[in-house]
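The values are calculated or read from the model by the stated rules, or taken from the named source; none is laboratory data. Everything quoted here is computed from the prediction, not taken from an experiment. Please note: Cβ atoms are built from the backbone with ideal geometry, for glycine as well, and neighbour counts cover all protein chains shown. Just the protein is used for accessible areas: all its heavy atoms, side chains included, with ligands, DNA and RNA removed. Shrake-Rupley method; radii C 1.70, N 1.55, O 1.52, S 1.80 Å.
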Amino acid sequence: MRIAIVGGSFDPIHDGHIQMANQSLQGLGVDEVWFMPTSSTPLKDHDLTLDQERLAMIDLVVKKNQKFKVCTLELERAGKSYTYDTLKKLIEIYPEHEFYWIIGNDQLMQFDKWHNSNELVKMAHFVCFDRDGKLSDSKYDIACMTMPAVPVSSSEIRMGNKLNYLPEEVLRYIYRNRLYVKDFVASRLTEKRYKHSLSVAKLCEEFALNNGYDMHIAYYIGLFHDIAKYMPKDEMLKWMQSVCPENMEYPVAVWHGFVGAAVTKDIFLIENPIIYNAIYHHVLGTSQDPYAMMVFCADKLDPLRGYDSTKLIEICNKDIKEGFDLVVQQNREYLKRANYIKFK
């Protein structure tokens with residue numbers, strides 16, 4: 001059989017990897033494509049997500065195409081994964097197969113740094129797929145082929161960008177298992193606001209647990225409630241004009257709740273109306289939905305704010321509606337004294 005190997009950290013697997021696999025089937029005429037996740041990659045400078053998590057995401061993709069397989073050879077080998085050692089082992093185990101090793105532009109540019117690079121090109125057919133129209137010349141015997149552009153990288157996805165380049169089932173897995181999501185938020189907030197968001201998420205979970213609601217939903221409401229807090233005003237204005245122009249009379253400081261709900265849905269692809277509603281109303285406390293009550297209270301009672309909120313937190317844990325009413329009353333009295341806002 002003719003086997004194409006698509007190797008990488010797959011942290012996470014995305015449409016660019018899948019496109020390379022499909023191009024291998026169509027353009028090279030191989031019989032199968034094997035995804036080869038690495039345990040530790042010499043030329044990567046970040047800690048990888050757990051092997052079982054990355055493998056689970058690959059499995060979701062492999063199940064959709066009978067010509068896709070997973071090869072765990074490198075995961076089973078401790079230490080850094082060198083392609084030279086992997087190919088030697090593959091040829092030893094499968095002497096009847098002909099191997100094609102698929103790489104991208106970024107790998108072609110640094111191929112001279114690969115261990116035993118001169119020997120590698122003699123052991124298998126190396127093929128570089130041009131993913132972004134920036135193909136570089138190479139002194140090695142590496143075939144080059146073009147493919148439709150897929151302008152995404154795993155590192156971008158780990159920061160919460162270009163999530164639309166993830167298969168739906170992989171995105172669901174990421175959110176279900178809370179992979180990368182803290183980085184989604186950390187990359188958009190100050191360190192202080194990020195810590196606040198983590199604290200609010202934890203408190204939302206606590207309120208949900210003690211009031212009989214879904215802790216997972218509550219966690220994401222708390223985590224993303226301030227996601228638009230530091231969006232530039234001109235950019236936030238565009239969102240406001242699109243999402244809720246009727247609310248533009250509110251002070252700009254309030255807008256991040258309305259915009260944050262839309263950003264969570266449209267950028268982070270969390271399409272849950274409960275989460276949308278809770279984030280939308282979290283600044284003003286204008287929703288009677290239990291989850292909206294939770295995040296409003298958690299935001300105001302966050303222990304990191306520096307005042308003793310123990311008693312009110314205790315009330316919220318016993319009865320979120322009672323706690324919410326008390327926190328709303330307290331908050332509105334404060335805002336009226338400050339002449340900060342008029343409530344509709």
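Kyte-Doolittle mean at least 1.6 and Cα extent at least 18 Å along the axis: which DSSP H helices of the chain qualify? None pass (Cα extent of 18 Å or more, hydropathy at least 1.6).
Label zone (Asp234, point 7 Å along Cα-to-C-beta; backbone nitrogen cut-off 20 Å) within region 147-173: none.
A Cα-only calculation for region 182-271 places Rg and Dmax at 13.7, 41 Å. The fraction of all Cα pairs in region 12-92 landing in successive 5 Å bins from 0 to the largest distance is 3, 14, 23, 23, 22, 12, 3, 0, given as whole percents. All alpha carbon pair distances within region 86-170 were sorted into 5 Å bins beginning at 0; the resulting P(r) in whole percents reads 3, 12, 20, 17, 16, 15, 12, 5, 0.
Other residues within the sphere of radius under 9 Å centred on the Cβ of Leu25, judged by their own Cβ, net out at -1 (K and R +1, D and E -1).
Calculate what fraction, in whole %, of the accessible area of region 1-136 sits on carbon and sulfur atoms when a 1.4 Å probe is rolled over the protein chains. Carbon and sulfur atoms account for 46 percent of the accessible area of region 1-136.
Normalised by the number of residues in the chain, the mean separation of alpha-carbon contacts (under 8 Å, six or more apart) gives a relative contact order of 12 percent. Each of Asp47 and Lys202 was given a label point 7 Å from its Cα along the Cα-to-Cβ line. The distance between the two points is 1.8 nm. Positive contributions from Lys and Arg (+1) and negative ones from Asp and Glu (-1), summed over other residues with Cβ under 12 Å from the Cβ of Ala201, come out at -1.
Near Phe126, the amide H atoms lying under 5 Å from its own belong to Trp101, Ala143; only residues 5 or more places off or on other chains count, and H is placed 1.01 Å from N. The residues of the chain have, on average, 49 Å² of accessible surface per residue, using a 1.4 Å probe with all protein chains present. Surface composition of region 145-210: carbon and sulfur make up 51 percent of the accessible area, probe 1.4 Å.
Averaging 1/r over each pair of different alpha-carbon atoms in the chain and inverting the result gives 22.8 Å, the Kirkwood hydrodynamic radius.
Anyone know which of Lys67, Lys80, Lys139 comes out most mobile in the 10 Å Cα GNM of the chain? Comparing Lys67, Lys80, Lys139 in the GNM, the peak value goes to Lys139.
When the helices of the chain are scored as -39500 (n - 2.57) per DSSP H run of n ≥ 4 and the total is divided over every residue, the value at 222 nm lands at -15000 deg cm²/dmol.
Rounded if a/c is under 1.5, else prolate if a/b is larger than b/c, else oblate: which is region 236-294, with a ≥ b ≥ c the root eigenvalues of its Cα gyration tensor? Oblate shape, in that a/c is at least 1.5 and b/c is the bigger or equal ratio. Checking the Cα-Cα distances for Lys300/Lys321; Lys202/Lys321; Lys229/Lys300; Lys265/Lys321 against a 21 Å cut-off, the pairs over it are Lys265/Lys321.
The slack in the chain from Asn247 to Met159, taken as 0.36 nm per residue of separation less the alpha-carbon distance, amounts to 28.7 nm.
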